[in-house]
Amino acid sequence: MPPGSSAGLDVHRLVKTFDGLTAVNGVTFQVERGSVFGLLGPNGAGKTTIIRIIMGILGADGGAVHYDGHPITRLESRRFGYLPEERGLYQKTRLRETLVYLARLKGLTQTEATDRVDHYLARFDLTAYAHRNIQALSKGNQQKAQFIAAVVHQPSMIFLDEPFAGLDPVNQIIIKEIIGELQAAGATILLSTHQMESAERLCRAICLIDHGKVVLEGGLSEVKSSYGERCVEVTFDGAIPNEVAQWLQVVETRKNTVIGNLKGGLAPTLKALVELSPVLEFKVREPTLEEIFIAAVKGEQS
Amino acid sequence: MRAAWLVMRWEYLIRIRSKFFLISTILMPLLIVGMISLPVLLFEEEDVQGFTISIVDESGVWTERIGQLLDERHSTADGAPMYPRYPLFNADQQGQRNEASALLEAGIIGAYLVIGPRFEEAGKVTFIARDGGRIFEQEQLHRVVQKTWTLAAIERHQVESELLATLDQTISWKSYTTRGSGMTESDALQAFMVPIIYVMILFFAVFFSSQILMRSIITERSNRVVELLLSSLTSRDLMTGKILGLGLVGLTQISIYLVVTSVAGAGYGVTMISAEGIGYFLLYAILGYFLYAAIYAAVGSLFETEQDAQQVIGLLSLIPILPLIFSSYVVTHPDSLTVQIASFFPPLTPFLMIIRLVVTDVAWWEVGGTVLLMILFTVLMMRWAGIIFRTAILLYGKRVTLPEIMRWVKAG
């Protein structure tokens, strides 16, 4: 499929270097319109840089970004919603007027901005703080305010960089609900997160990045099934023998149980493991996204 | 453009209603009014209290003469003498001195005068007080003794009484300055103070605004709001909006100051600045602000905290402080070659030209030339600042070096 032929976001062979260091190295992925997409990867993988390039905050050294079939324009990206990973708001200005200002920068009129801000303040239980200085708000409430700033103008595409970081479970649920609502209203959402559990629940497709390169990409179910046949859980009748590492790429160990990815075929591995030590249980399991993440990153590193 | 307008409005409104703006804007005119009125108040004769004195005078002639003139000239509001004499009982000079010294020690007198031997010829007097100062009282006493001595000399030389009366008068001295075809009455102190007051206003307004600009950029960088802003508008719009918004804050402040100084000046009968002068003042103030705003914006985008930026700010403030330090020289030598040449150095232009325009007639080509040069220099600085701002604004955790900045500017 040629770049930019699909509806939605199309990132094609993106390259960005900083002082000779390649932060993004030929990254390609597509985000289907109206879907929730997970951009995953360890710290420093290059996720924030990719988002900044798409948002037009940074220029790319190579590659292209298409939106709805045409090269993305600065005007378009400025209308996108963005929750940066590094949070921060003005401290000495009042909550409501600050959000109205940020909404107006996104293109809303004064009346529209005021109405939407009031709606979201109510939704997040922040109406009582509307005329307070932002520095008087708790950290969690400031996070919510930032989330409002990202979605208040009902953008067609929203970038959420670690939206759950620093939020308590109750507020995480509210944010997840709102993500669902925004998607139902037709918004395309790109979610960058370490929280694999949330990504697994929310995303239709993912792209796993490490050291600026795509390690894994595709629909969640495809990714899982491609890894699924390879992941086993083995419980030994006694201690886990050291030789296990010859047959499995170990993801996790618990007491006498080891979870890992097959290095060879299923049958020869089972046979070999039984010969090493008595096996109580041998399960082929669908891996969690977290396991895929760890395995992929470890595999990349080795 | 809409985004730049929104940023400008925001920056203007949040600063103008901040407590800091209110306090600094009120304090500054108070300082100016203080500067105008302090010297005037200091020279107010009513404030001189006077005190009891003794006069060590072996001849006994001078004590009476001086006393007479003192009572004639200096009396308190209720008509009592300001300098009553405490009599000395000893006849010889040494005895009188010891007596006066004891009186001074006891606090009975505030000071004593020692009239030297053969005073009519030698004209030597010593003033001894407990607390060294008392300059205004000393000045009054000095004048009275001088007068007494002169009158005695005139008498001794048998000068006609008519001539005596003439000599006793003081001549009238009025000072005028010509500007173009007009002529205005002037006052040396006022001629000296007025331009300095305007330079101070310019200095405060330009630096108040550009320092706030820098601080606001550093704050947006350290609280990371800048990333959110740059996702909504270009760095160019952001910088333009901020510079214009804070420039308006400065302009508001200048307007307040100009009104206050004019009103305060009128209150003291001091002619402040002409309408034409205000035009020049605003022109140089605006140019000066844009120039320093560009520099401070660039510096702000390079640092994450104000402490980090402190050293560079200190260095930068030296440039505009120079004309403040040398302003008294510029006021007295507005047409010297050094001042003329220095006026063409853009960072100094506004400050020097304001003084010169208030004090003297500046040739049209100098005004035109300095303005043109400032515009060119400011446009160049704005461009460079734009490049530095764009490049550095999202660069965290890295100390930028000068060669790097030069590279950006060259590449941009």
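The values are calculated or read from the model by the stated rules, or taken from the named source; none is laboratory data. Keep in mind that what you see is a predicted model, and the values were worked out from it rather than measured. A quick note on method: Cβ atoms are made from the backbone with ideal geometry, for glycine too, and the neighbour counts reach across all protein chains shown. Just so you know, the surface numbers come from the protein's heavy atoms only, side chains and all, with ligands and any DNA or RNA stripped out. Shrake-Rupley method; radii C 1.70, N 1.55, O 1.52, S 1.80 Å.
When +1 charges are put on Lys and Arg Cβ atoms and -1 charges on Asp and Glu Cβ atoms, the dipole computed for chain B relative to its Cα centre reaches about 2980 debye.
Averaging the sequence gap over all C-alpha pairs within less than 8 Å and six or more residues apart, then dividing by the number of residues, gives the stretch B:53-167 a relative contact order of 26 percent.
Taking all protein chains together and rolling a 1.4 Å probe, A:W247 ends up with roughly 80 Å² accessible. Taking a sphere under 9 Å around the Cβ of A:V24 and counting the other residues whose Cβ falls inside, with K and R at +1 and D and E at -1, yields a net charge of +1. B:D335 contributes an accessible area of around 80 Å² to the protein surface, as traced by a 1.4 Å probe with all chains present. Most simply put, the stretch B:53-167 has about 55% antiparallel DSSP beta bridges, counting only bridges with both residues inside it. Here the stretch B:53-167 has an Rg and Dmax of 14.7, 46 Å, counting Cα atoms alone.
Candidates B:M193, B:G277, B:L6 compared by Cα position along the dipole of the protein assembly as shown: farthest toward the positive end lies B:L6, with charges placed on Cβ. Its Cα centre serving as origin, the stretch B:53-167 has a Cβ charge dipole (Lys and Arg +1, Asp and Glu -1) of approximately 240 debye.
If DNA, RNA and ligands are ignored and the probe is 1.4 Å, what is the ranking of A:H131, A:H66 by accessible area, most exposed first? Walk me through the numbers before you get to the answer.
Details: A:H131 130, A:H66 30 Å².
Accessible-area ranking of A:H131, A:H66, largest first: A:H131, A:H66.
For the stretch A:153-230 and the stretch B:69-93, what is the centre-to-centre distance using only Cα atoms, to the nearest Å? Taking the Cα centre of each part, the stretch A:153-230 and the stretch B:69-93 sit 98 Å apart. Largest accessible area first, the residues A:H153, A:H211 order themselves as A:H211, A:H153 under a 1.4 Å probe with ligands, DNA and RNA left out. Shown here are the Rg and Dmax of the Cα trace of chain A, at 22.4, 74 Å. One quarter of the convex hull surface built on the alpha carbon atoms of the protein assembly as shown amounts to 51.2 nm², the projected area averaged over directions.
Shielding value for A:50-61 is 2, the average number of Cβ atoms from other chains within 10 Å of each residue's Cβ. All Cα-Cα distances of chain B, cut into 10 Å bins from zero to the largest, leave 4, 17, 20, 16, 13, 12, 9, 7, 3, 0 percent in each bin in turn.
Take every residue in peptide A:77-86, count the Cβ atoms of other chains within 10 Å of its Cβ, and give the average of those counts. Before the final figure, lay out the partial values.
Details: counts 2, 7, 2, 2, 2, 5, 2, 7, 2, 8.
Mean partner-chain Cβ count within 10 Å for A:77-86: 4.
Structural descriptor for chain A: relative contact order 20 percent, calculated from alpha carbon pairs under 8 angstrom and at least 6 residues apart.
For the stretch B:100-169 versus the stretch B:236-312, the spacing of their alpha-carbon centroids is 54 Å. Pairing the Cα long axis of helix B:61-73 with the longest principal axis of chain B, what angle in degrees results, from 0 to 90 and rounded to the nearest 10? Rounded to the nearest ten degrees, it is 50.
In this rough spin-label picture, where each label sits 7 Å from Cα along the Cβ direction, the A:V279-B:T338 distance is 9.5 nm. Of B:D78, A:D237, A:D210, B:D71, the order by accessible heavy-atom surface (1.4 Å probe, DNA, RNA and ligands excluded), from most exposed downward, is B:D78, A:D237, B:D71, A:D210. Here chain A carries DSSP beta bridges of which approximately 70% are antiparallel, counting only pairs with both residues inside.
Taking the dipole about the Cα centre of the protein assembly as shown, with the C-beta of Lys and Arg at +1 and of Asp and Glu at -1, give me whichever of B:I135, A:F236, B:V362 is farthest to the positive side. After comparing all options, I get A:F236. Given their separation in residues at 0.36 nm each and the Cα-Cα distance between them, B:L69 and B:R143 gain 25.6 nm when the chain is fully extended.
Dipole of chain B computed with +1 at Lys/Arg Cβ and -1 at Asp/Glu Cβ about the Cα centre; of B:A342, B:V226, B:T148, farthest Cα towards the positive end is B:V226.
Mind checking the mean number of beta-carbon atoms from other chains within 10 Å of the Cβ atoms in B:220-226?
5
Expressed in whole Å with the largest first, what are the equivalent ellipsoid semi-axes of the stretch B:240-291 derived from the C-alpha gyration tensor as the square root of 5 times each eigenvalue? Don't skip to the end; give the middle numbers.
Working: eigenvalues 128, 30, 7 Å².
Working through the eigenvalues yields semi-axes of 25, 12, 6 Å.
Each Lys and Arg contributes +1 and each Asp and Glu -1, all at the Cβ; summed about the Cα centre of the protein assembly as shown, the dipole is approximately 2680 debye.
Measuring only protein heavy atoms, the 1.4 Å probe finds B:E121 accessible over about 120 Å².
Say the cut-off is 31 Å between C-alpha atoms; which of A:K16/B:K410; A:K47/A:K263; A:K106/B:K19; A:K271/A:K298; B:K19/B:K410 go over it?
Working: A:K16/B:K410 21 Å; A:K47/A:K263 29 Å; A:K106/B:K19 29 Å; A:K271/A:K298 26 Å; B:K19/B:K410 41 Å.
The pairs that break the limit, which is 31 Å between Cα atoms, are B:K19/B:K410.
Tell me, what does the Kirkwood hydrodynamic radius of the stretch A:41-173 come to in angstroms if you use every pair of distinct C-alpha atoms? Mind showing how you got there, number by number?
Working: mean 1/r = 0.0632 Å⁻¹.
Its Kirkwood hydrodynamic radius stands at 15.8 Å.
Computed from Cα positions, the angle between helix A:169-184 and the longest principal axis of chain A comes to roughly 80 degrees. Using a simple spin-label model with pseudo-atoms 7 Å out from Cα toward Cβ, A:H194 and B:I171 lie 9.0 nm apart. Computed over the protein assembly as shown, the per-residue total of -39500 (n - 2.57) for DSSP H runs of n ≥ 4 gives a 222 nm mean residue ellipticity of -18000 deg cm²/dmol, rounded to 500. Computed from the Cβ-Cβ distance with R0 of 45 Å, the FRET efficiency linking A:N43 to B:L376 stands at 0.40.
Calculate how steeply helix B:275-302 sits against the longest principal axis of the alpha-carbon atoms of chain B, using the helix alpha-carbon long axis, and give the answer as 0 to 90 degrees to the nearest 10. Here the helix axis deviates by roughly 60 degrees.
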